[in-house]
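In what follows, a structure is listed as structure tokens, so that the remarks can point back to it.
The values are calculated or read from the model by the stated rules, or taken from the named source; none is laboratory data. As the structure is a computational prediction, the values presented were derived from the model and not from experiment. All Cβ positions, glycine included, derive from the backbone under ideal geometry; neighbour counts span all protein chains shown. Keep in mind that these areas ignore ligands, DNA and RNA; they rest on the heavy atoms of the full protein, side chains included. Shrake-Rupley method; radii C 1.70, N 1.55, O 1.52, S 1.80 Å.
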Amino acid sequence: MLSDSSAPNVLGDVSNPFISKLTSSPKKGRMSPVEDSITSLREGMGRMDISKRGNSLDYLQHSERKDSKDSVTRRELDRFVPSRPPSLHHSSHSSTTLPTLALDGHSPDASMDQSHSTVHDQSTASLSATLGVPTSNRRILSFRSAPPPASHATSHLDAQRNYLLHSSASANRGTGSNAAGKEGAKKRAPPYVPERVLDAPGFEDDYYLNLVDWSCANRVAIGLGDTGYVWDAETGNVNALGGGEDTEDRPKVTAVSWSNDGAYLAIGTDAGEVEVWDVEEGKKMRTMGGHSARIPSLSWYGHVLSSGCRDGSIYHHDVRVAKHKVMELVGHNAEVCGLTWRSDGQFLASGGNDNVVNCWDGRIGASVLQNGDGVPRGNAKWTKRNHTAAVKALAWCPWQSSLLATGGGTADKHIHFWSTSTGARTSSLATSTQVTSLTFSPHSKEILGTHGYPDNTLTLWNYPSLEKIWEVPAHDSRIICSALSPDGTTVCTGAGDENLKFWKVWEARQSKKDRDDSESTGMGMGMGGRGKSAVRIR
């Protein structure tokens, strides 16, 4: 128990021994053990100035540690941080608020850190000077770092280097494992040289005519002058249709088209008549008139033969009956230069010199409208006027039945893709030349275009990305028309340079079952093996 004389110096803060108080010297006399311990503690706390950041070495030397023989002085740092920035040693938070036992900046540890930092900076500067690397704060090694600036004498080499760098980067983009399996990622060589070239003297250089067609029996029909010719791709033989007749008054051939079974050939003439020929017998079966002008387009579906006339009319002919005209389609006011049935016979597409594309319902005689002769008249299901030139190139997609592609002439130079289900345009493709014909590949999602002025080229695009795969010069004059082989690999083109060229564009993808059937039945060996798997050009 403390005496009354020491009470004014003890203000009831004995419970907090870390707050130093200015106390007077205690009176000399005998004190209890409790008073003696409290007085020693206060004297010790008075020697520690914890209100300021200072040197605690005096206190450590004054205090005796019973659990260790040597006194240890160290900095209170993080265990896993090898060096601490100097700003952390002098932060206001650590110096004014929290007690610390860290030594002053002039301590031996601080001097060692400074000397180590100086040595490190010197070694870095020496290494940078040796390697010729600037001392700026950047990586010494970097992925595709920019080359050093070139001098004026080699500025063109620097520009070429930058061009090659960007081109290689763009070429490598998208060629990873995800794009490796995409169709078309593996580029193939364009067919710069045709498989075969045939002379076609008298081939008419007229954009609106369709003078070449390829049958499923591997025969090619060509209209030259006033005569139709059939070239057998199996044997190489050529037969003229009507060669024995008096040819002085014969009209010019303006269109040819094979029937679906390859047995009959339809020939459109400049006199507005349609002739049907039996190719095996070599004789004309019948002549169907009715048009008032030349017939530049023909298309078969079953026993129905559709013909497009220069006056804009389209007739459906039933070749089985005497009264062959079974329907008339009215929707063009200019020459119908493009006409093609869809493979299932549901729709008929037509294009004309009036820049119009029409899609017709394939049902014959379904219209209640009739002309003066009692023949039903049909109207187009939908009409499109997006082209600004004549529309001759028409193609139905074999792997997407509702897709129709149309191409325009010189003033248009565009290919449009349509959905026949809705009549909407799905995409468009701008070309640099007039489009004379279009062909979808049956083996891959690609479309081939033949072109006229001014390039006369063959161009292959991917669909639906519409990326150009290749483009090759094909003829010396504009390409007028083209035809696809029955196996879907070779395209025959006829041009104004009076040449017929055969181009191997695609490779056939034949399943194992089809190969086994072909081997077992011996298809491709002679006339009996005519078909899609028996296309050979001799």
Projected onto the charge dipole of the stretch 212-273 (unit charges on the beta-carbon of Lys, Arg, Asp and Glu, signs +1, +1, -1, -1), the Cα from 241, 259, 217 with the largest positive-side position is that of 217
If the label point sits 7 Å along Cα→Cβ of residue 381, residues of the stretch 347-363 with amide N under 18 Å come out as 347-352, 357-363
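Taking all protein chains in place and a 1.4 Å probe, what share, in percent, of the accessible surface of the stretch 342-474 do carbon and sulfur account for? Walk me through the numbers on the way to the answer.
On the way: 2330 of 5170 Å².
So the carbon and sulfur contribution to the accessible surface is 45 percent.
Suppose the chain between residue 388 and residue 292 were pulled fully straight at 0.36 nm per residue; how much longer would it get relative to their current alpha carbon spacing?
On the way: separation 96, 0.36 × 96 = 34.56 nm, distance 2.66 nm.
Gain on stretching residue 388 to residue 292: 31.9 nm.
Identify the chymotrypsin sites (Phe, Trp or Tyr not before Pro) of the stretch 252-310 meeting these criteria: DSSP loop state and at most 14 other C-beta atoms within 10 Å of the C-beta. Can you show the working numbers first?
Details: sites: 258, 264, 277, 300, 301; in loops: none.
Filter output for the stretch 252-310: empty list.
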A chain fully extended from residue 445 to residue 343 at 0.36 nm per residue, minus the present Cα-Cα distance, gains in nm 35.0 nm
For the stretch 406-448 the chymotrypsin sites (Phe, Trp or Tyr not before Pro) that pass both the DSSP coil test and the at-most-12 other-Cβ-within-10 Å test are none
Here, GluC sites (Glu not before Pro) of the stretch 265-316 satisfying both criteria (DSSP loop; at most 14 other Cβ within 10 Å) are 280, 281
Highest mean packing first, using Cβ neighbours within 10 angstrom, the peptides 307-317, 398-408 sort as 307-317, 398-408
With 0.36 nm assigned to each residue of separation and the Cα-Cα distance removed, residue 283 to residue 192 gains 28.9 nm
Counting all Cα-Cα pairs in the stretch 402-508, those more than 23 Å apart amount in percent to 24 percent
The Cα extents of the stretch 285-343 along the principal axes, largest first and rounded to whole Å, are 29, 27, 18
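Rounded to the nearest 0.05, what FRET efficiency do residue 425 and residue 128 have when you use their Cβ-Cβ distance and R0 = 60 Å?
On the way: r = 62 Å, r/R0 = 1.04.
Step by step, r from the Cβ atoms, then E = 0.45.
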Expected vector for the stretch 465-479, Karplus 3J(HN,Hα) from phi with 6.51, -1.76, 1.60 and θ = phi - 60°, integer Hz, x for Gly and Pro, equals 5, 6, 7, 6, 8, 7, 8, 10, x, 10, 9, 7, 10, 5, 7
